Amino acid sequence: KKKARHFREDFSGTHLLARTWIQSGDGCTAEAYDFDPDPVAWGLHNNARSLGADAERLHLVLGDVRERSRKAPDVRCAQNFSYWCFKKRPLMLRYLKVVRDSLAEDGLLFLDCFGGVEGPQDALNRVDHDGFTYIWEQSDFNPLTNECQCAIHFEFKDGSRIDQAFTYDWRMWSLPELRDLLEEAGFSKV
């Protein structure tokens, strides 16, 4: 029953969501956390710069997502499954407790997931775009640990290709596991 004003994007990469949040209203502020300097630098040049004077409302942190927020976020997110880098239950629980403790009163956390019956299978999905093809590859899945290896490749109309533009080494968390972890971390509604 209040307007969300402060947003935090974990594993923000190019901090596109944080930029979009700031553009949504004059009173909106955002923090973006990532430890990889390359996408953060790209985002600074291509996303933050486009904000002009409003860029002062965006705080970028090149660091660990488990660091405390400067300000308690009304909304916090970890998108694109990146939080799956926490492969062991105690690490994931610790991250979720830090998130819960940092939220504003009545704050919200948004996570995304993939899985289902196709989740543990090797996969190669192609999506054609104007001028290039995006390829998602899941090459290895260990059913004993739920660890998976994934990569993104690009093919271009001129015949060139970028293999493994992005690679991921994750542990796939099921919805029941995440629900239990979130409840244990103190979230009142999951």
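Within the set of pairs 6 or more residues apart or between chains, which connect a residue that is without any contact (Cβ under 8 Å) to a residue 24 or more places away in the chain inside the range 58-69 to a residue that is part of a loop (DSSP other than H, G, I, E, B) and crowded, with 19+ Cβ neighbours inside 10 Å with Cβ atoms less than 6 Å apart?
Pairs that qualify, where the first residue is without any contact (Cβ under 8 Å) to a residue 24 or more places away in the chain and the partner is part of a loop (DSSP other than H, G, I, E, B) and crowded, with 19+ Cβ neighbours inside 10 Å: there are none.
Determine which single condition residue 14 fails, assuming it passes every other condition in (1) hydroxyl-bearing (Ser, Thr, Tyr); (2) open to solvent by less than 20 Å² (accessible area, probe 1.4 Å); (3) modelled with pLDDT under 95.
That leaves (2) as the condition not met.
Tell me, which residue of the range 160-176 that is modelled with pLDDT under 95 and in a loop (DSSP other than H, G, I, E, B) is most open to solvent (accessible area, probe 1.4 Å)?
Ranking the qualifying residues of the range 160-176, first place goes to 174.
When you go through (1) hydrophobic (A, V, I, L, M, F, W, C); (2) open to solvent by 40 Å² or more (accessible area, probe 1.4 Å); (3) under 30 Å from residue 5 (Cβ atoms); (4) out of contact with any strand residue (DSSP E or B) (no Cβ under 6 Å at 6 or more places or on another chain) one by one for residue 104, which number turns out not to apply?
So residue 104 meets the others, but not (2).
For residue 185, only one of the following conditions fails: (1) under 22 Å from residue 66 (Cβ atoms); (2) touching a strand residue (DSSP E or B) at 6+ places or on another chain (Cβ under 9 Å); (3) not charged (D, E, K, R). What is its number?
The failed condition is (2).
Which is in contact (Cβ under 8 Å) with a residue 12 or more places away in the chain, open to solvent by less than 30 Å² (accessible area, probe 1.4 Å) and among the aromatic types (Phe, Trp, Tyr), of 110, 86, 114, 81?
Working: 110 fails: open to solvent by less than 30 Å² (accessible area, probe 1.4 Å); 114 fails: open to solvent by less than 30 Å² (accessible area, probe 1.4 Å); 81 fails: open to solvent by less than 30 Å² (accessible area, probe 1.4 Å).
Result of the check over 110, 86, 114, 81: 86.
Restricted to the range 115-139, and to residues that are of a type in the set (Gly, Ala, Ser) and not in a loop (DSSP other than H, G, I, E, B), which residue is modelled with the highest pLDDT?
Looking at the filtered set, the residue picked out is 139.
Has the range 177-188 got any residue that is at pLDDT 95 or above, aromatic (Phe, Trp, Tyr) and farther than 21 Å from residue 11 by Cβ?
Within the range 177-188, none of the residues are at pLDDT 95 or above, aromatic (Phe, Trp, Tyr) and farther than 21 Å from residue 11 by Cβ.
What residue, among those in the range 124-156 that are surrounded by fewer than 16 Cβ atoms within 10 Å (Cβ to Cβ) and polar (S, T, N, Q), is nearest to the chain's Cα centre (by Cα)?
149
May I ask you to verify whether residue 76 is at negative phi, open to solvent by 10 Å² or more (accessible area, probe 1.4 Å) and in contact (Cβ under 8 Å) with a residue 12 or more places away in the chain? Walk me through it before giving the result.
Values: at negative phi: yes; open to solvent by 10 Å² or more (accessible area, probe 1.4 Å): no; in contact (Cβ under 8 Å) with a residue 12 or more places away in the chain: yes.
No: the conditions fail for residue 76.
Considering (1) under 17 Å from residue 165 (Cα atoms); (2) surrounded by fewer than 14 Cβ atoms within 10 Å (Cβ to Cβ); (3) not acidic (Asp, Glu), say which one residue 121 fails and leave the rest.
(1)
Looking at the range 140-149 only, could you name the residues that are under 13 Å from residue 115 (Cβ atoms) and either in contact (Cβ under 8 Å) with a residue 40 or more places away in the chain or assigned to a strand (DSSP E or B) (or both)?
If the condition is that a residue be under 13 Å from residue 115 (Cβ atoms) and either in contact (Cβ under 8 Å) with a residue 40 or more places away in the chain or assigned to a strand (DSSP E or B) (or both), then 141, 148 are the ones that fit.
The values are calculated or read from the model by the stated rules, or taken from the named source; none is laboratory data. Since the model is a prediction, treat every value here as computed from it, not as a measurement. Reconstructed Cβ throughout: ideal geometry from the backbone, glycine too, with neighbour counts over all protein chains shown. Side chains included, ligands, DNA and RNA excluded: accessible areas come from the protein's heavy atoms. Shrake-Rupley method; radii C 1.70, N 1.55, O 1.52, S 1.80 Å.
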